[in-house]
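Some notes on the structure that comes next.
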Amino acid sequence: MALTSTFTSINLPVNNVEKSKAFFTGLGFELNPQFPNNEVSVAIVIGDNLQVMLIDEAFFKTLTEKESVDTSKYAQMTIALAFESREKVDEIVNTAVSLGGKLHAEPEYHGPMYHWGFVDLDGHLWAINCMNTDAAQG
């Protein structure tokens, strides 16, 4: 039997919770009102069953015995999100850059998938994608 989660949360260490909150709400994501919004963490809803917890680095260190990844040197993971259109992908990436993020790569087509990415204020990698379902089926 497969395991099924009702809600997924990705916890990311950030240098400044307020700046990161402004960045992600500036992209159009919303705060999760069910979670505290304070100086050490904030929950940003990025999908129906998915949120990102932006956690102050000092507090994050109390949650694990492992060192955090230095995102200026290493990539621990890429957070990939899929949207409905190429225009939405372009809008999100361009907005991220206007809010202080950096481009991760040039836009790419991988068969029916359009991909572009950005790096957030804390060096986390985001892959923003859309699928051309007509091309995928045809």
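Please treat every number below as a calculation from the coordinates, not as lab data. Nothing here was measured: the structure is a model prediction, and the numbers come from that model. With ideal geometry, Cβ positions are generated from the backbone for all residues, glycine too; neighbour counts draw on all protein chains shown.
List of remarks:
- Gap separating the Cα centres of region 15-35 and region 49-126, nearest whole Å: 14 Å
- Helix-only arithmetic for the chain: the sum of -39500 (n - 2.57) across DSSP H runs with n ≥ 4, divided by the residue total, places the mean residue ellipticity at 222 nm at -6000 deg cm²/dmol.
- Projected onto its three principal axes, the C-alpha set of region 69-138 covers 43, 24, 16 Å, listed from the longest axis down.
- Rounded to 10°, Cα long-axis angle of helix 17-26 versus longest principal axis of the chain: 20 degrees
- Sorted by Cβ density within 10 Å, fewest first, the residues Glu84, Glu91: Glu84, Glu91
- Using alpha-carbon coordinates, inclination of helix 86-98 to the longest axis of the chain, degrees: 40 degrees
- Distant-in-sequence amide H partners of Asp122 (H built 1.01 Å from N, under 5 Å): none
- Placing +1 on the Cβ of every Lys and Arg and -1 on the Cβ of every Asp and Glu, with no other charges, gives the chain a dipole of roughly 140 debye about its Cα centre.
- Under-21-angstrom lysine pairs by C-alpha in the chain, whenever the two are 8 or more apart or on separate chains: 8
- Rounded to the nearest 5, the antiparallel percentage of DSSP beta bridges internal to the chain is 60%.
- Once the Kirkwood radius over Cα pairs is known for the chain, the Stokes-Einstein relation at 25 °C and 0.890 mPa s delivers a diffusion coefficient of 153 µm²/s.
- Scanning residues 5 or more positions from Val14 or on other chains, those with amide H under 5 Å from its amide H are Ile55, Asp56, Glu57, with H placed 1.01 Å from N in the peptide plane.
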